[in-house]
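Engineer: Dumping the structure here so I can ask a few things about it.
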Amino acid sequence: MKNNISMQDFHIKYINEKITILDVREIHEYVAGHIPTAQNFPLTTLGADFSKLDKDQKYYVICQAGGRSAKAYAFLHDQGFDVTNVEGGMNNWPGEIKN
């Protein structure tokens, strides 16, 4: 995978910068707890919903453990989006969680 970021580096970036996060977990997972600024774009509907995204925007893609975000990264990258996969997913998120 070309663009990965460690959870430690991602968390620092989240604290210090305004970044756009795509949470590609299913709706029920997102509702149960997510990064406060993350937008939910489930992997299962990403093929239909990706047209709502802005190709001029940089996106950080996260899931629960890293597998689905890697798939979403590959798909979005192939569509011409500027994306970075967050390694380790929500299982390793050290910050605040919003329900």
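Engineer: Being at pLDDT 95 or above, within 13 Å of the chain's Cα centre (by Cα) and buried (at least 16 other Cβ atoms within 10 Å of the Cβ) is true for just one of Ala65, Ala74, Ala38. Which residue is that?
Structural biologist: Result: Ala38 is the single residue among Ala65, Ala74, Ala38 that is at pLDDT 95 or above, within 13 Å of the chain's Cα centre (by Cα) and buried (at least 16 other Cβ atoms within 10 Å of the Cβ).
Engineer: A follow-up question, please. Residues that are under 20 Å from Lys18 (Cα atoms), hydrophobic (A, V, I, L, M, F, W, C) and in contact with a Gly (Cβ under 8 Å, 6 or more places away or on another chain): does segment 66-84 have at least one?
Structural biologist: So far as segment 66-84 goes, no, none of its residues is under 20 Å from Lys18 (Cα atoms), hydrophobic (A, V, I, L, M, F, W, C) and in contact with a Gly (Cβ under 8 Å, 6 or more places away or on another chain).
A quick yes/no check of all residues on (1) touching a residue at least 60 places away in the same chain (Cβ under 8 Å); (2) in a helix (DSSP H, G or I):
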| position | (1), (2) |
| --- | --- |
| Arg25 | yes, no |
| Val31 | yes, yes |
| Pro36 | yes, no |
| Gly47 | no, yes |
| Phe50 | no, yes |
| Asp54 | no, no |
| Tyr59 | no, no |
| Gln64 | no, no |
| Ser69 | no, yes |
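Engineer: Provide a single number: the residues in segment 71-86 that are in contact with a Phe, Trp or Tyr (Cβ under 8 Å, 6 or more places away or on another chain) and part of a loop (DSSP other than H, G, I, E, B).
Structural biologist: The number of residues fulfilling the criteria is 2.
The values are calculated or read from the model by the stated rules, or taken from the named source; none is laboratory data. Keep in mind that this is a model prediction, so the values were computed, not measured. Glycine gets a Cβ as well: all are built from the backbone with ideal geometry, and neighbour counts include every protein chain shown.
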